[in-house]
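Bear in mind that the values in this text are calculations on the coordinates, not laboratory data. Remember, predicted model here, so these are calculated numbers, not experimental data. For neighbour counting, all protein chains shown are included, and Cβ atoms are generated from backbone atoms with ideal geometry for every residue, glycine included.
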Amino acid sequence: MKTFDLELRVKTFGSILTWEIFLEDSTDQSKKVLDWLQETDYRYKKLPGYNIEDESLDVYASCRGISGGSITCEVLIKNISQDKKVISKVKDKEYAHSSYII
């Protein structure tokens, strides 16, 4: 088991009606990230002491809205440098996914 401090930041572009972020398993509703806080130009969720069972953190993103809209989820892992972001576009029919080696 790995434990680390995690922060997610979501920015929306265009006309987005709904969006959602899942950690580890996009088919398990209990893994959906809820209770986002609002900053000036993005929403964020801090998850201190987050635990995973394996060697990687999986992040899934999805959005619905008008064509041309998208969301970007930036994943910040304390003391681990990662340049990846998860980007979901309205036209995509499946969850966007990125995996982060811990």
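For the chain, evaluate the Debye formula with one uniform point scatterer on each Cα (no solvent term) and list log10 I(q)/I(0) at q = 0.14, 0.16, 0.20, 0.24 Å⁻¹, rounded to two decimals. So the normalised log intensities are -0.51, -0.66, -1.03, -1.42. Annotation note: trypsin sites (Lys or Arg not before Pro) in region 29-83 located in DSSP loop regions with a Cβ neighbour count of at most 14 within 10 Å are Lys78. Residue-wise, which Karplus ³J(HN,Hα) couplings in Hz belong to region 23-33, taking 6.51 cos²θ - 1.76 cosθ + 1.60, θ = phi - 60°, and x for glycine or proline? Karplus-based 3J(HN,Hα) across region 23-33 equals 10, 6, 8, 6, 9, 9, 4, 6, 8, 6, 7 Hz.
Full-extension gain between Leu17 and Arg64, please, as 0.36 nm times their residue separation minus the C-alpha to C-alpha distance.
Using 0.36 nm per residue and subtracting the Cα-Cα distance, I get 16.4 nm.
Given their separation in residues at 0.36 nm each and the Cα-Cα distance between them, Ile101 and Leu47 gain 17.7 nm when the chain is fully extended.
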